[in-house]
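First up is the structure itself, then whatever we jot down about it.
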Amino acid sequence: MATDDICIEFDNVVAGYKDFMILNNLSFKVRKGSITLLLGPNGAGKSTVLKTLFGLLKPRQGRILLNGEDIAGATQKALLAKGIAFVPQGRNLFGQLTVYQNLELGGITLGMKTTHARIPEVLELFPRVRERMNSMASTLSGGEQKQLEVGRALLLRPKVLLIDEPSIGLSPLVVQDVFKLLQKLAAQGTTILMVEQNVKSALKMADDAIALESGQLVLHKKASELLADPNIERLFLGGGHVPGAAAPPASATGVIRA
Ligand SMILES: Nc1ncnc2c1ncn2[C@@H]1O[C@H](COP(=O)(O)OP(=O)(O)OP(=O)(O)O)[C@@H](O)[C@H]1O
Ligand SMILES: [Mg+2]
């Protein structure tokens, strides 16, 4: 990969919580304008990668490069200003505020004038959410709430979108809508790093796939190649991680170790 093509680079990153190191000398690269999937079993460190990238965790060692600039340890305010937006795992709305007020809060770093000008653009992407604009966010369906969260991140017109398990609780059709939207954003130049358990559907829409086990990279290859890999079921579907098993051998999957 040419340096110019790289948007995000983890270079030997060590990060964790108190005494527990979760990411162990993790290195990987994400291409500009790509959709890169972050895969791996529960507890592998996927959300920790996104949290570290978004400044919620300070790496103990290593570098995190955004377009070649080291952003490890930068504040969230600085990272938002650099165009990184984060949609965390789970529910992250202010349930007692209206849909519109949630969007206003999402634009707090933009100033109200810009935010109010952009809210209609975002709502246009999610017609059902727009209809409920004045309702309390907690009264939206689960899928509508996730759409609102994605919309709130898009208000920032991010250059990099970090999105953690967007499909949880969504029906297959809504998942497809969210995925189509992400593809459209990537086609417009947004770099997307996404954690997703809906592996097969996600691989169909992604460009690249990275897999972690115990905070270490075990696989980095093109999504289409992984989708065609006969071992995919064993690796990521059905059985998932086999406790005590070693990382999938490169020979079994033809993985490109980064
Ligand atoms: N705030 C925290 N304090 C201590 N340990 C944590 C904290 N958050 C996560 N961990 C631990 O770090 C490890 C990695 O967690 P992480 O949330 O990154 O996993 P994940 O790959 O996103 O898993 P999942 O698929 O279940 O969402 C887990 O063992 C988890 O228990
Ligand atoms: Mg997670």
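The values are calculated or read from the model by the stated rules, or taken from the named source; none is laboratory data. Computed from a predicted model, the values in this text were never measured in an experiment. FYI the Cβ positions are ideal-geometry reconstructions off the backbone, even for glycines, and counts take in every protein chain you see.
Some observations on this one:
- Residue that is surrounded by the most Cβ atoms within 10 Å (Cβ to Cβ), among those in region 14-31 that are of a type outside the set (Gly, Ala, Ser), near ligand 1 (Cβ under 9 Å from one of its atoms) and in contact (Cβ under 8 Å) with a residue 12 or more places away in the chain: LEU23
- Top-ranked residue of region 162-182 - restricted to ones that are under 13 Å from the mean Cα position of the chain (by Cα) and part of a helix (DSSP H, G or I), ranked as farthest from GLU144 (Cα to Cα): LEU182
- Looking across region 46-89, the residues that are touching a residue at least 40 places away in the same chain (Cβ under 8 Å), within 16 Å of ligand 2 (Cβ to nearest atom) and either within 22 Å of ARG157 (Cβ to Cβ) or surrounded by fewer than 18 Cβ atoms within 10 Å (Cβ to Cβ) (or both) come down to LEU50, LEU53, PHE54, PHE86, VAL87, PRO88, GLN89.
- Residue within region 199-207 that is without any contact (Cβ under 8 Å) to a residue 60 or more places away in the chain, within 16 Å of ligand 2 (Cβ to nearest atom) and among the polar types (S, T, N, Q) present: no
- Residue in region 24-36 that is within 16 Å of ligand 2 (Cβ to nearest atom) and either in contact with a helix residue (DSSP H, G or I) (Cβ under 9 Å, 6 or more places away or on another chain) or farther than 21 Å from PRO88 by Cβ (or both) present: yes
- Some residue of region 69-92 being in contact with a helix residue (DSSP H, G or I) (Cβ under 7 Å, 6 or more places away or on another chain), on the phi > 0 side of the Ramachandran plot and away from ligand 1 (no atom under 13 Å from the Cβ): no
- Failed item, numbered, when ASP208 is tested on (1) at pLDDT 95 or above; (2) closer than 28 Å to PRO127 by Cβ: (2)
- The lone criterion from (1) closer than 23 Å to ALA187 by Cβ; (2) touching a His at 6+ places or on another chain (Cβ under 6 Å) left unmet by PRO41 is number (1).
- The lone criterion from (1) touching a Lys or Arg at 6+ places or on another chain (Cβ under 7 Å); (2) within 11 Å of ligand 1 (Cβ to nearest atom) left unmet by THR48 is number (1).
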